[in-house]
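Quick notes on the structure that follows.
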Amino acid sequence: MLTRWPGWGLVAFAPSALVLAEPQTVYDALKAVLSPSSEIMLTSDDAYQKDFAPRYNLAEAPTYIVGVKPAVAEDVNYSRDSNIPMLTTGRGHGYTTSLSHVQGGINLDLEKFNSIQIDTAAKTMTIGGSVNGYQVAAALQEAGLEIATPQCPCIGFAAASLGGGIGPYSGLYGPISDSLLSVDLVTADGCLLTVSETEFPDLFYGIKGAGFNFGVALSLTFQVYPATNGGHAMNADMMFLGSQNESVWKAVEQLAASQPKELAFGLSVRYMPDPPSESLIIAANFVHAGPQTEGEALLQPFLDLQPQNVNISTVPGKISHPWLTAIDVPNLVHVVNHMSKAIEADPVLQGTSIVWQQYAQHGFQQRTEDSSAFPYRDAKVFVQIDSVAANASQTPPLASFGRELRDKLQEGSGKRNLDVYVHFAHGDEGPASWYGADGQPRLAGLKEAYDRAGMFSWYNPAVSV
(Lines give C-alpha, C1' and ligand atoms only; values in the text may rest on other atoms or scores of the structure.)
Protein backbone atom coordinates (compact mmCIF):
# COMPACT_ATOMS: atom_id res chain seq x y z
CA MET A 1 0.00 0.00 0.00
CA LEU A 2 1.23 3.51 -0.83
CA THR A 3 -0.16 6.81 0.40
CA ARG A 4 1.23 10.26 -0.24
CA TRP A 5 0.17 13.59 1.23
CA PRO A 6 0.74 17.18 0.17
CA GLY A 7 3.15 18.95 2.49
CA TRP A 8 5.51 21.89 2.65
CA GLY A 9 7.67 20.31 -0.05
CA LEU A 10 10.78 18.45 0.99
CA VAL A 11 13.89 20.56 1.27
CA ALA A 12 16.72 18.24 0.23
CA PHE A 13 19.79 18.45 2.39
CA ALA A 14 23.03 16.73 3.23
CA PRO A 15 23.32 15.99 6.97
CA SER A 16 26.71 17.68 7.18
CA ALA A 17 25.35 20.93 5.74
CA LEU A 18 22.43 21.71 8.01
CA VAL A 19 21.73 25.22 9.26
CA LEU A 20 20.32 25.64 12.75
CA ALA A 21 16.83 27.13 12.63
CA GLU A 22 15.14 29.60 14.96
CA PRO A 23 13.16 27.45 17.46
CA GLN A 24 10.08 29.67 17.58
CA THR A 25 9.90 29.77 13.78
CA VAL A 26 9.97 25.99 13.58
CA TYR A 27 7.42 25.71 16.38
CA ASP A 28 5.00 28.13 14.74
CA ALA A 29 5.27 26.47 11.33
CA LEU A 30 4.66 22.98 12.71
CA LYS A 31 1.91 24.09 15.09
CA ALA A 32 -0.02 25.49 12.13
CA VAL A 33 -0.17 22.16 10.27
CA LEU A 34 -0.08 19.41 12.89
CA SER A 35 -3.30 17.61 13.77
CA PRO A 36 -5.27 18.79 16.84
CA SER A 37 -4.44 15.61 18.74
CA SER A 38 -0.69 15.97 18.27
CA GLU A 39 1.62 17.71 20.73
CA ILE A 40 4.45 20.14 20.11
CA MET A 41 6.72 21.84 22.61
CA LEU A 42 9.88 23.90 22.61
CA THR A 43 12.66 22.04 24.39
CA SER A 44 13.40 25.23 26.33
CA ASP A 45 10.05 24.82 28.11
CA ASP A 46 10.32 23.31 31.59
CA ALA A 47 7.49 20.90 30.77
CA TYR A 48 9.50 19.32 27.95
CA GLN A 49 11.72 17.41 30.38
CA LYS A 50 8.64 15.87 32.02
CA ASP A 51 6.48 15.19 28.99
CA PHE A 52 9.04 13.78 26.58
CA ALA A 53 11.04 10.61 27.22
CA PRO A 54 14.47 11.57 28.55
CA ARG A 55 17.55 10.24 26.80
CA TYR A 56 19.08 7.25 28.58
CA ASN A 57 22.66 8.02 27.56
CA LEU A 58 23.85 11.59 28.15
CA ALA A 59 27.26 11.17 26.52
CA GLU A 60 27.63 12.63 23.01
CA ALA A 61 23.89 13.17 22.86
CA PRO A 62 21.74 14.74 20.14
CA THR A 63 20.14 18.09 20.89
CA TYR A 64 16.69 19.33 19.91
CA ILE A 65 14.91 22.64 19.60
CA VAL A 66 11.39 21.25 19.28
CA GLY A 67 9.67 18.08 20.44
CA VAL A 68 6.72 16.68 18.47
CA LYS A 69 4.37 13.86 19.43
CA PRO A 70 2.52 12.96 16.23
CA ALA A 71 -0.99 11.57 16.56
CA VAL A 72 -1.54 10.49 12.95
CA ALA A 73 0.74 9.56 10.08
CA GLU A 74 0.28 12.97 8.43
CA ASP A 75 1.93 14.59 11.45
CA VAL A 76 5.09 12.64 10.72
CA ASN A 77 5.07 13.90 7.15
CA TYR A 78 4.77 17.54 8.22
CA SER A 79 7.63 17.15 10.69
CA ARG A 80 9.68 15.49 7.99
CA ASP A 81 9.17 18.35 5.53
CA SER A 82 11.68 20.75 7.05
CA ASN A 83 15.31 21.62 6.53
CA ILE A 84 16.47 20.65 10.00
CA PRO A 85 17.38 17.15 11.21
CA MET A 86 14.62 14.96 12.62
CA LEU A 87 15.25 12.00 14.90
CA THR A 88 12.54 9.49 15.78
CA THR A 89 12.47 8.36 19.40
CA GLY A 90 10.37 5.88 21.30
CA ARG A 91 11.95 5.02 24.64
CA GLY A 92 14.93 7.41 24.81
CA HIS A 93 17.67 4.81 24.28
CA GLY A 94 20.31 4.57 21.57
CA TYR A 95 23.92 4.43 22.73
CA THR A 96 25.80 5.16 19.53
CA THR A 97 27.86 8.32 19.23
CA SER A 98 26.61 8.79 15.65
CA LEU A 99 23.46 10.38 17.10
CA SER A 100 25.54 13.34 18.28
CA HIS A 101 25.43 14.60 14.68
CA VAL A 102 21.83 15.67 15.35
CA GLN A 103 22.17 19.17 16.75
CA GLY A 104 19.26 21.61 16.97
CA GLY A 105 16.85 19.06 15.55
CA ILE A 106 13.25 17.87 15.90
CA ASN A 107 12.58 15.12 18.44
CA LEU A 108 9.80 13.06 16.86
CA ASP A 109 8.49 11.13 19.87
CA LEU A 110 6.15 8.28 18.85
CA GLU A 111 4.57 7.96 22.31
CA LYS A 112 1.04 8.12 20.88
CA PHE A 113 1.69 5.12 18.63
CA ASN A 114 1.46 2.68 21.53
CA SER A 115 -1.20 0.11 20.61
CA ILE A 116 -0.85 -3.68 20.72
CA GLN A 117 -3.25 -5.90 18.78
CA ILE A 118 -2.98 -9.69 18.90
CA ASP A 119 -4.82 -12.05 16.58
CA THR A 120 -4.68 -15.37 18.43
CA ALA A 121 -6.19 -17.31 15.52
CA ALA A 122 -3.73 -16.01 12.93
CA LYS A 123 -0.92 -15.83 15.50
CA THR A 124 0.03 -12.28 14.56
CA MET A 125 0.75 -9.15 16.58
CA THR A 126 0.61 -5.53 15.40
CA ILE A 127 2.25 -2.85 17.54
CA GLY A 128 2.80 0.89 17.40
CA GLY A 129 6.26 2.38 17.06
CA SER A 130 6.75 3.23 20.77
CA VAL A 131 5.72 -0.07 22.43
CA ASN A 132 8.48 -1.52 24.60
CA GLY A 133 9.63 -5.08 25.22
CA TYR A 134 7.91 -5.38 28.61
CA GLN A 135 4.56 -4.49 27.07
CA VAL A 136 4.98 -6.99 24.24
CA ALA A 137 5.99 -9.83 26.56
CA ALA A 138 3.13 -9.18 28.97
CA ALA A 139 0.50 -9.04 26.22
CA LEU A 140 1.76 -12.21 24.56
CA GLN A 141 2.05 -14.12 27.84
CA GLU A 142 -1.59 -13.35 28.57
CA ALA A 143 -2.52 -14.76 25.15
CA GLY A 144 -0.35 -17.89 25.56
CA LEU A 145 2.03 -16.73 22.83
CA GLU A 146 5.64 -15.59 22.54
CA ILE A 147 8.27 -14.04 20.29
CA ALA A 148 11.95 -13.26 20.63
CA THR A 149 12.20 -10.18 22.86
CA PRO A 150 15.08 -7.73 23.38
CA GLN A 151 17.71 -8.64 25.94
CA CYS A 152 16.85 -5.32 27.61
CA PRO A 153 13.03 -5.26 27.59
CA CYS A 154 12.75 -1.60 28.56
CA ILE A 155 13.80 -0.51 25.06
CA GLY A 156 11.45 0.11 22.16
CA PHE A 157 10.38 -3.13 20.48
CA ALA A 158 10.14 -1.49 17.06
CA ALA A 159 13.60 0.05 17.28
CA ALA A 160 15.14 -3.25 18.37
CA SER A 161 13.41 -5.02 15.47
CA LEU A 162 14.67 -2.54 12.89
CA GLY A 163 18.25 -3.47 13.82
CA GLY A 164 17.53 -7.19 14.04
CA GLY A 165 16.83 -7.51 17.75
CA ILE A 166 18.37 -10.24 19.89
CA GLY A 167 17.28 -11.73 23.19
CA PRO A 168 16.72 -14.87 25.27
CA TYR A 169 14.44 -16.58 22.73
CA SER A 170 16.60 -15.86 19.69
CA GLY A 171 17.88 -19.42 19.89
CA LEU A 172 14.32 -20.50 19.11
CA TYR A 173 13.24 -17.83 16.62
CA GLY A 174 16.34 -15.92 15.51
CA PRO A 175 16.45 -12.11 15.57
CA ILE A 176 13.13 -10.33 16.09
CA SER A 177 13.29 -9.05 12.50
CA ASP A 178 12.91 -12.63 11.20
CA SER A 179 9.35 -12.58 12.59
CA LEU A 180 8.39 -9.33 10.86
CA LEU A 181 5.49 -9.64 8.41
CA SER A 182 4.99 -5.99 7.44
CA VAL A 183 5.83 -2.41 8.44
CA ASP A 184 3.94 0.84 7.87
CA LEU A 185 6.73 3.28 7.04
CA VAL A 186 6.83 7.02 6.31
CA THR A 187 9.68 7.46 3.85
CA ALA A 188 11.88 10.43 3.00
CA ASP A 189 9.79 11.43 -0.02
CA GLY A 190 6.55 11.70 1.95
CA CYS A 191 5.04 8.30 1.21
CA LEU A 192 3.34 6.00 3.68
CA LEU A 193 4.29 2.52 2.51
CA THR A 194 3.15 -0.85 3.76
CA VAL A 195 6.32 -2.86 3.26
CA SER A 196 6.37 -6.66 3.23
CA GLU A 197 7.61 -9.69 1.31
CA THR A 198 5.10 -8.92 -1.44
CA GLU A 199 5.00 -5.10 -1.34
CA PHE A 200 8.34 -3.33 -1.82
CA PRO A 201 10.28 -6.54 -1.05
CA ASP A 202 13.62 -4.84 -1.75
CA LEU A 203 12.95 -2.30 0.98
CA PHE A 204 11.63 -5.03 3.30
CA TYR A 205 15.06 -6.67 3.10
CA GLY A 206 16.69 -3.45 4.29
CA ILE A 207 14.16 -2.77 7.03
CA LYS A 208 14.98 -6.13 8.64
CA GLY A 209 18.32 -5.16 10.14
CA ALA A 210 18.88 -1.58 8.97
CA GLY A 211 15.36 -0.16 9.11
CA PHE A 212 16.18 3.16 10.77
CA ASN A 213 17.96 4.13 7.52
CA PHE A 214 14.74 4.32 5.52
CA GLY A 215 11.98 6.08 7.40
CA VAL A 216 9.71 6.30 10.44
CA ALA A 217 8.10 2.98 11.41
CA LEU A 218 4.63 3.73 12.74
CA SER A 219 3.24 0.19 12.89
CA LEU A 220 4.80 -3.26 12.70
CA THR A 221 3.15 -6.66 12.32
CA PHE A 222 4.88 -9.85 13.49
CA GLN A 223 4.37 -13.58 13.40
CA VAL A 224 4.08 -14.88 16.98
CA TYR A 225 4.29 -18.42 18.31
CA PRO A 226 2.67 -20.75 20.86
CA ALA A 227 4.36 -20.35 24.23
CA THR A 228 7.13 -22.87 24.88
CA ASN A 229 6.87 -25.04 28.01
CA GLY A 230 3.47 -23.61 28.86
CA GLY A 231 4.91 -20.11 29.00
CA HIS A 232 7.38 -20.89 31.81
CA ALA A 233 11.16 -20.83 31.85
CA MET A 234 13.97 -21.59 34.25
CA ASN A 235 15.86 -18.52 35.37
CA ALA A 236 19.23 -18.96 37.10
CA ASP A 237 21.52 -16.29 38.54
CA MET A 238 24.96 -16.83 40.04
CA MET A 239 28.25 -15.03 40.57
CA PHE A 240 31.90 -16.00 40.07
CA LEU A 241 35.09 -14.32 41.27
CA GLY A 242 37.37 -12.76 38.69
CA SER A 243 40.08 -15.27 39.55
CA GLN A 244 37.76 -18.03 38.30
CA ASN A 245 37.46 -16.51 34.85
CA GLU A 246 39.52 -19.18 33.04
CA SER A 247 37.32 -21.93 34.49
CA VAL A 248 34.19 -19.97 33.56
CA TRP A 249 35.35 -19.52 29.96
CA LYS A 250 36.11 -23.23 29.68
CA ALA A 251 32.59 -24.02 30.86
CA VAL A 252 31.25 -21.55 28.28
CA GLU A 253 33.29 -23.22 25.56
CA GLN A 254 32.03 -26.64 26.63
CA LEU A 255 28.40 -25.51 26.55
CA ALA A 256 28.73 -23.71 23.21
CA ALA A 257 29.39 -26.97 21.40
CA SER A 258 25.98 -28.41 22.33
CA GLN A 259 23.85 -25.44 23.42
CA PRO A 260 20.19 -26.34 22.85
CA LYS A 261 17.88 -23.81 21.25
CA GLU A 262 15.93 -23.40 24.50
CA LEU A 263 18.97 -22.09 26.43
CA ALA A 264 20.34 -18.56 26.45
CA PHE A 265 22.78 -17.04 28.89
CA GLY A 266 24.65 -13.86 29.63
CA LEU A 267 27.79 -12.99 31.57
CA SER A 268 28.73 -9.56 32.89
CA VAL A 269 32.37 -8.94 33.79
CA ARG A 270 32.45 -5.88 36.01
CA TYR A 271 34.03 -4.16 38.99
CA MET A 272 32.58 -4.99 42.40
CA PRO A 273 34.07 -3.09 45.35
CA ASP A 274 32.36 -5.02 48.13
CA PRO A 275 33.70 -8.29 49.64
CA PRO A 276 34.28 -11.03 48.72
CA SER A 277 35.24 -9.44 45.41
CA GLU A 278 38.72 -9.58 43.90
CA SER A 279 38.17 -6.32 42.00
CA LEU A 280 36.24 -8.07 39.21
CA ILE A 281 33.29 -10.43 39.37
CA ILE A 282 31.43 -12.35 36.67
CA ALA A 283 27.66 -12.24 37.12
CA ALA A 284 25.84 -14.93 35.15
CA ASN A 285 22.21 -15.29 34.09
CA PHE A 286 20.75 -18.37 32.37
CA VAL A 287 17.32 -18.73 30.76
CA HIS A 288 16.02 -22.16 29.74
CA ALA A 289 12.65 -22.34 27.97
CA GLY A 290 11.93 -25.77 29.40
CA PRO A 291 11.62 -27.73 32.65
CA GLN A 292 13.85 -26.60 35.48
CA THR A 293 15.38 -30.06 35.89
CA GLU A 294 16.61 -30.02 32.29
CA GLY A 295 17.99 -26.52 32.71
CA GLU A 296 19.88 -27.38 35.88
CA ALA A 297 21.50 -30.34 34.14
CA LEU A 298 22.78 -28.04 31.41
CA LEU A 299 24.28 -25.70 34.03
CA GLN A 300 26.19 -28.42 35.87
CA PRO A 301 29.65 -27.35 34.53
CA PHE A 302 29.02 -23.90 36.04
CA LEU A 303 27.54 -25.23 39.28
CA ASP A 304 30.62 -27.43 39.70
CA LEU A 305 32.67 -24.24 40.04
CA GLN A 306 30.78 -23.49 43.28
CA PRO A 307 29.54 -20.02 42.36
CA GLN A 308 28.18 -17.58 44.92
CA ASN A 309 24.67 -16.14 45.25
CA VAL A 310 23.03 -18.97 43.32
CA ASN A 311 19.31 -18.51 42.66
CA ILE A 312 17.45 -20.93 40.38
CA SER A 313 13.70 -20.74 39.86
CA THR A 314 10.90 -21.22 37.35
CA VAL A 315 9.28 -17.98 36.21
CA PRO A 316 6.72 -16.85 33.63
CA GLY A 317 8.32 -16.54 30.17
CA LYS A 318 11.61 -14.74 30.70
CA ILE A 319 12.04 -11.29 29.24
CA SER A 320 14.86 -9.73 29.77
CA HIS A 321 30.54 -4.61 20.81
CA PRO A 322 32.17 -7.07 18.57
CA TRP A 323 30.44 -10.36 17.92
CA LEU A 324 32.35 -13.61 17.90
CA THR A 325 32.30 -16.72 15.76
CA ALA A 326 34.87 -18.41 18.00
CA ILE A 327 35.40 -18.77 21.76
CA ASP A 328 39.12 -18.27 22.37
CA VAL A 329 39.64 -19.10 26.05
CA PRO A 330 43.26 -17.81 26.32
CA ASN A 331 42.25 -14.55 24.65
CA LEU A 332 39.30 -14.10 27.01
CA VAL A 333 41.48 -14.81 30.06
CA HIS A 334 43.96 -12.23 28.79
CA VAL A 335 41.21 -9.64 28.29
CA VAL A 336 39.75 -10.12 31.77
CA ASN A 337 43.16 -10.07 33.46
CA HIS A 338 44.13 -6.96 31.52
CA MET A 339 40.84 -5.34 32.52
CA SER A 340 41.45 -6.15 36.18
CA LYS A 341 44.96 -4.64 36.18
CA ALA A 342 43.82 -1.52 34.34
CA ILE A 343 40.97 -0.90 36.80
CA GLU A 344 43.29 -1.33 39.76
CA ALA A 345 45.67 1.23 38.23
CA ASP A 346 42.98 3.76 37.33
CA PRO A 347 39.75 3.93 39.40
CA VAL A 348 38.05 5.97 36.66
CA LEU A 349 37.81 2.74 34.65
CA GLN A 350 35.70 1.03 37.33
CA GLY A 351 32.59 1.97 35.39
CA THR A 352 33.48 -0.45 32.57
CA SER A 353 31.84 -3.82 32.03
CA ILE A 354 31.94 -6.52 29.37
CA VAL A 355 28.53 -8.08 28.71
CA TRP A 356 28.48 -11.47 26.98
CA GLN A 357 25.26 -12.81 25.38
CA GLN A 358 25.20 -16.32 23.96
CA TYR A 359 22.32 -17.92 22.03
CA ALA A 360 21.96 -21.22 20.21
CA GLN A 361 22.50 -21.15 16.45
CA HIS A 362 19.17 -22.84 15.66
CA GLY A 363 17.00 -19.72 15.41
CA PHE A 364 19.48 -17.72 13.36
CA GLN A 365 19.91 -20.51 10.81
CA GLN A 366 16.20 -20.71 9.94
CA ARG A 367 16.64 -17.93 7.36
CA THR A 368 19.26 -17.44 4.66
CA GLU A 369 21.89 -14.72 4.69
CA ASP A 370 20.19 -12.83 1.86
CA SER A 371 16.75 -12.81 3.52
CA SER A 372 17.47 -9.64 5.48
CA ALA A 373 20.03 -6.97 6.24
CA PHE A 374 20.78 -8.64 9.59
CA PRO A 375 24.33 -9.95 8.96
CA TYR A 376 25.19 -11.89 12.12
CA ARG A 377 23.73 -15.35 11.52
CA ASP A 378 27.00 -17.17 12.20
CA ALA A 379 27.62 -15.38 15.51
CA LYS A 380 28.04 -17.58 18.55
CA VAL A 381 28.31 -14.68 20.97
CA PHE A 382 27.32 -11.01 21.07
CA VAL A 383 29.60 -8.90 23.28
CA GLN A 384 28.86 -5.39 24.48
CA ILE A 385 31.31 -3.09 26.26
CA ASP A 386 29.57 -0.64 28.58
CA SER A 387 31.01 2.33 30.42
CA VAL A 388 29.39 4.55 33.04
CA ALA A 389 30.97 7.94 33.74
CA ALA A 390 30.37 9.87 36.94
CA ASN A 391 31.06 13.14 35.12
CA ALA A 392 31.96 14.40 31.66
CA SER A 393 35.72 14.42 32.36
CA GLN A 394 35.67 10.63 32.68
CA THR A 395 34.20 10.07 29.23
CA PRO A 396 37.45 10.27 27.16
CA PRO A 397 39.46 7.74 29.22
CA LEU A 398 36.48 5.37 29.42
CA ALA A 399 35.94 5.60 25.65
CA SER A 400 39.63 4.93 25.04
CA PHE A 401 39.59 1.93 27.38
CA GLY A 402 36.46 0.59 25.70
CA ARG A 403 38.14 0.74 22.28
CA GLU A 404 41.18 -1.00 23.75
CA LEU A 405 39.05 -3.86 25.10
CA ARG A 406 37.16 -4.05 21.81
CA ASP A 407 40.43 -4.47 19.90
CA LYS A 408 41.61 -7.20 22.24
CA LEU A 409 38.34 -9.11 21.93
CA GLN A 410 38.52 -8.74 18.16
CA GLU A 411 41.86 -10.56 18.17
CA GLY A 412 40.17 -13.70 19.49
CA SER A 413 36.85 -13.34 17.67
CA GLY A 414 37.60 -15.58 14.71
CA LYS A 415 36.80 -12.64 12.40
CA ARG A 416 39.30 -10.90 10.16
CA ASN A 417 37.41 -7.62 10.21
CA LEU A 418 35.67 -5.80 13.05
CA ASP A 419 32.02 -6.84 12.85
CA VAL A 420 29.70 -5.13 15.32
CA TYR A 421 26.03 -5.70 16.10
CA VAL A 422 24.46 -2.39 15.15
CA HIS A 423 22.68 -1.87 18.50
CA PHE A 424 25.94 -2.46 20.42
CA ALA A 425 27.99 -0.09 18.25
CA HIS A 426 30.06 2.75 19.64
CA GLY A 427 29.58 4.72 16.42
CA ASP A 428 33.14 4.84 15.07
CA GLU A 429 33.20 1.46 13.33
CA GLY A 430 31.52 2.32 10.01
CA PRO A 431 28.82 0.82 7.76
CA ALA A 432 30.80 -2.27 6.69
CA SER A 433 31.22 -3.26 10.35
CA TRP A 434 27.54 -2.68 11.23
CA TYR A 435 25.94 -4.24 8.16
CA GLY A 436 28.62 -6.56 6.83
CA ALA A 437 31.02 -5.94 3.97
CA ASP A 438 28.85 -8.05 1.64
CA GLY A 439 25.49 -6.52 2.56
CA GLN A 440 26.46 -2.85 2.83
CA PRO A 441 26.58 -2.19 -0.96
CA ARG A 442 23.00 -3.48 -1.28
CA LEU A 443 21.91 -1.12 1.48
CA ALA A 444 23.71 1.73 -0.25
CA GLY A 445 21.59 1.04 -3.33
CA LEU A 446 18.42 1.13 -1.22
CA LYS A 447 19.49 4.46 0.28
CA GLU A 448 19.90 5.84 -3.23
CA ALA A 449 16.42 4.62 -4.15
CA TYR A 450 14.51 5.56 -0.98
CA ASP A 451 16.54 8.25 0.83
CA ARG A 452 18.86 9.95 -1.62
CA ALA A 453 18.99 13.13 0.48
CA GLY A 454 20.17 11.21 3.55
CA MET A 455 17.30 12.33 5.77
CA PHE A 456 17.54 9.14 7.85
CA SER A 457 21.28 9.03 8.40
CA TRP A 458 21.73 9.58 12.12
CA TYR A 459 21.66 6.15 13.75
CA ASN A 460 24.67 4.18 12.45
CA PRO A 461 23.96 5.10 8.82
CA ALA A 462 24.26 2.54 6.03
CA VAL A 463 26.15 5.10 3.93
CA SER A 464 28.91 7.23 5.42
CA VAL A 465 28.00 10.92 5.70
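The values are calculated or read from the model by the stated rules, or taken from the named source; none is laboratory data. Since this is a predicted model, take the numbers as computed values, not measurements. We place every Cβ from the backbone using ideal geometry, glycine too, and count neighbours over all the protein chains shown. Note: accessible area is taken over every heavy atom of the protein model, side chains too, but ligands, DNA and RNA are not part of it. Shrake-Rupley method; radii C 1.70, N 1.55, O 1.52, S 1.80 Å.
A few notes on this one:
- Within the range 340-350, not a single residue is assigned to a loop (DSSP other than H, G, I, E, B), farther than 21 Å from TYR271 by Cα and open to solvent by 20 Å² or more (accessible area, probe 1.4 Å).
- All positions within the range 413-435 that are open to solvent by 40 Å² or more (accessible area, probe 1.4 Å) and under 14 Å from the mean Cα position of the chain (by Cα): HIS426
- Filter result for SER433 (within 19 Å of PHE364 (Cβ to Cβ) and not in a helix (DSSP H, G or I)): no
- Of all residues in the range 365-401, those being within 22 Å of PRO201 (Cβ to Cβ) and of a type in the set (A, V, I, L, M, F, W, C) number 2.
- With respect to the stated conditions, GLY105 fails to be small (Gly, Ala, Ser), buried (at least 19 other Cβ atoms within 10 Å of the Cβ) and closer than 21 Å to CYS152 by Cα.
- Only a single item in (1) at pLDDT 95 or above; (2) not in a strand (DSSP E or B) is not met by GLU253, and it is number (1).
- Residue pairs whose Cβ atoms lie under 6 Å apart, sitting 6 or more positions apart in sequence or on different chains, and linking a residue in the range 37-50 that is loosely packed, with under 12 Cβ neighbours inside 10 Å to a partner that is not in a helix (DSSP H, G or I), are SER37/ALA71.
- Subset of the range 294-310 (residues that are farther than 22 Å from TYR359 by Cβ and open to solvent by 60 Å² or more (accessible area, probe 1.4 Å)): ASP304, GLN306, ASN309, VAL310
- Identity of the residue in the range 108-123, open to solvent by less than 30 Å² (accessible area, probe 1.4 Å) and part of a strand (DSSP E or B), that ends up nearest to ALA143 (Cα to Cα): ASP109
- Applying the condition of being in a helix (DSSP H, G or I) and open to solvent by 20 Å² or more (accessible area, probe 1.4 Å) to the range 351-366 and asking which residue is modelled with the lowest pLDDT yields GLY351.
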